[in-house]
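For reference, the structure is listed below as structure tokens.
Derivation of every value follows stated rules applied to the coordinates shown; laboratory data play no part. Quick caveat, the model's predicted, so the values are computed rather than measured. Cβ: placed from backbone, ideal geometry, glycine included. Neighbour counts: every protein chain shown.
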């Protein structure tokens, strides 16, 4: 290579090196956007930040009902005939919540990119009477707001949650309007928007909670196996699904219990739940029997008055006493799709004694998985025999059954249920002349399966099922009295 070519090559190498140095020291590197998902909130930057959006109304303040904007944590909101309330009469999860009167409303002044659900906590303010409100949405900058779902009645003086199902894409802007109730006021809190992805829980059941707190049981920590404490750990007894075509075996996850619901019987086929030490506390009995407003459109919703003068108690499946760790948990048990017409003595004596016995097992260091259901038609209450109540809308079952699986506290629950596990199976007539001693109605799990057609412990290995489903519980010296284990 001659000297001229060598000098030109050296010059070219120096130029390339200089360009590389300049790029490494400054320049204009490209930004990398976070990976897209179905829910995002635009903050006006070069990309969307993906999240589930929750407005707790804690940041920002408005003391008067006059129309005005408030900057909350999520952005700018317009409050009309509404303010932020922080008095003792305001129901709230933090220091303050929204209070609306007359025909007031609150409106987002920003958009979210897609939404699957919106969840709102609500209550009647102070000692005010009932009011009705509704959720509305505008899409892609439209000035026309359309109502989402059905109007909601706020009459309780405890915060409850309601979830609206949208599965909408595009730019969405929400508004809540109080549409009746006059001067009665309502409180709103914890407005949460979740994404457009699949919102089913780990067990594949859709969440539908009426007026109870929405969601599934807390996800396990590293010290708890996946599935531990799940309501359906032992199995889905009837293969219930969350499909409208399966209207007499319709799966509903009520967070604190899971059930198979029958549209035609207007009640649960069965209810499953886990009972552990953390489920028991000092929460008072809420006694707020009410319809589940999240049943599919057109399905009859049992009412509190449906039982008046019937001669039957509103008999819990998942009992109030098994959910005393928090007011919301206790209130969830009073949804009327957790209730069946139960002969008063069956409910108040025999069944109460068995429920107390189960809680006593927890207090002794165990955890319990429970399945309860009913079958057949026709029971005898305090006013005699009946096949239905509420003008024929609600079936009166002939039999009420329960299966109780008891294991010591621990992890890996499904693996710890074995051939030696204590299992109690009880099948009682729905009759007011029933014996108060539940031990008189001991049977096997297979007996209940034969009468119902269910596969009650289907998640267990077949060899374990064959062992524990064919045993009759013999009791302990204390439980043979048939009342409690005290």
If you project the alpha carbons of the stretch 348-441 onto the principal axes, what extent comes out on each, in Å, largest first? 48, 24, 21
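Subtract the Cα-Cα distance of residue 308 and residue 388 from 0.36 nm times their separation in residues, and report this length gain in nm to one decimal. Spell out each step's value before the answer.
Details: separation 80, 0.36 × 80 = 28.80 nm, distance 1.28 nm.
Extra length available between residue 308 and residue 388 comes to 27.5 nm.
Would you mind ranking 152, 139 by Cβ crowding within 10 Å, fewest neighbours first? Walk me through the numbers on the way to the answer.
Working: 152 20, 139 15.
Listing 152, 139 from fewest to most nearby Cβ atoms yields 139, 152.
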Which order results if 257, 165, 125 are arranged by neighbouring Cβ count within 10 Å, fewest first? 165, 125, 257
How much of the pair distance distribution for the stretch 41-194 lies past 21 Å, counting alpha-carbon pairs only, in percent? 40 percent
By the gyration tensor of its Cα atoms, with a ≥ b ≥ c the square roots of the eigenvalues, what is the shape of the stretch 238-320: rounded for a/c under 1.5, prolate for a/b over b/c, or oblate? oblate
70, 144, 120 arranged by Cβ crowding within 10 Å, fewest neighbours leading: 144, 70, 120
